[in-house]
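The structure under discussion appears below in the form of structure tokens.
The values are calculated or read from the model by the stated rules, or taken from the named source; none is laboratory data. No experiment lies behind these values; they were computed from the predicted model shown. Backbone-built Cβ (ideal geometry, glycine too); neighbour counts: all protein chains shown.
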């Protein structure tokens, strides 16, 4: 049985890239290259392979450069959500773009991390696992022991059925949000267009059992700062990329 792949994905490309300075002083972070390929290309490539047809991309910092890149992008219908006026973060950006997203489930992707090799399998698995009747979001989560460039304590504990629990007061947690999720856009109905993190939504959904996780079955590279960029380039080089 074929997996219903979302028609639309929202690609989050509005961030300031503060931790990546000085490399982002004149170049937006999504256009930073790892081994000759832009970070945003390493995210969009699997979307194309999976069969996504439409991209909603938010822009803020050095927005003109992102828009020039998008104008040359082939194979997608592209819609820009313009956030030049204010940084809205991961939640506020979705609230602003709500009218562009439609009512069917969508993928949402960050542009500062990717898996390798960059095939569509994790996206297909995420779509296959998602049950819109029983959940509102399904997060792709990475095993912090199978990751590079992630220096945080971890985000979640995950039960065998995918139910998530925030790290809370624990020193560490084994799963990190991998920057990719599938969700029902209706989650953002009525949300004010203001600066807030998607974590605000997750903290409402977790107690309701309406959000689950799915383990990423691939090596995960988080590219958050110049050292992580160097490490990612070396890792990809050593693994044939």
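The helices (runs of 4 or more DSSP H) falling completely within segment 47-150 that include 1 or more residues that are within 28 Å of residue 189 (Cα to Cα) and touching a helix residue (DSSP H, G or I) at 6+ places or on another chain (Cβ under 6 Å) map to 89-97, 121-129. Cβ-Cβ below 9 Å, separation at least six or inter-chain, first residue in segment 29-55 and without any contact (Cβ under 8 Å) to a residue 24 or more places away in the chain, second surrounded by fewer than 24 Cβ atoms within 10 Å (Cβ to Cβ) and in a strand (DSSP E or B): which pairs? Note: pairs meeting the criteria are 41/33.
Restricting the search to segment 206-225, which residues are within 22 Å of residue 11 (Cα to Cα) and either touching a strand residue (DSSP E or B) at 6+ places or on another chain (Cβ under 7 Å) or in a helix (DSSP H, G or I) (or both)?
Of all residues in segment 206-225, those within 22 Å of residue 11 (Cα to Cα) come to 211-225.
Once the filter is applied, which keeps residues that are within 22 Å of residue 11 (Cα to Cα) and either touching a strand residue (DSSP E or B) at 6+ places or on another chain (Cβ under 7 Å) or in a helix (DSSP H, G or I) (or both), segment 206-225 yields 211, 212, 213, 214, 215, 216, 218, 219, 220, 221, 222, 223.
Here residue 19 fulfils each of the conditions (1) over 12 Å from the mean Cα position of the chain (by Cα); (2) closer than 12 Å to residue 112 by Cα; (3) crowded, with 17+ Cβ neighbours inside 10 Å apart from (3).
From the list 187, 193, 180, the one residue that fits, being touching a helix residue (DSSP H, G or I) at 6+ places or on another chain (Cβ under 8 Å) and part of a strand (DSSP E or B), is 180. Scanning segment 35-45 for residues that are surrounded by fewer than 23 Cβ atoms within 10 Å (Cβ to Cβ), in contact with a helix residue (DSSP H, G or I) (Cβ under 7 Å, 6 or more places away or on another chain) and either in a strand (DSSP E or B) or at pLDDT 95 or above (or both) yields a single hit, 38. Of the residues making up segment 65-81, those that are exposed (fewer than 14 other Cβ atoms within 10 Å of the Cβ) and at pLDDT below 95 are 71, 72, 74, 75. For residue 164, the conditions (1) touching a strand residue (DSSP E or B) at 6+ places or on another chain (Cβ under 6 Å); (2) in contact (Cβ under 8 Å) with a residue 60 or more places away in the chain; (3) outside any helix (DSSP H, G or I) are fulfilled apart from (2).
Only residues that are closer than 26 Å to residue 34 by Cα and touching a strand residue (DSSP E or B) at 6+ places or on another chain (Cβ under 8 Å) were counted in segment 85-131, giving 16. Does residue 89 meet the test of being more than 15 Å from the chain's Cα centre (by Cα), buried (at least 16 other Cβ atoms within 10 Å of the Cβ) and over 14 Å from residue 217 (Cβ atoms)? No: the conditions fail for residue 89.
The single residue among 97, 133, 159, 127 that is over 18 Å from residue 220 (Cβ atoms), surrounded by fewer than 22 Cβ atoms within 10 Å (Cβ to Cβ) and under 16 Å from the mean Cα position of the chain (by Cα) turns out to be 127. Looking across segment 188-213, the residues that are crowded, with 16+ Cβ neighbours inside 10 Å and more than 23 Å from residue 167 (Cα to Cα) come down to 188, 191, 193.
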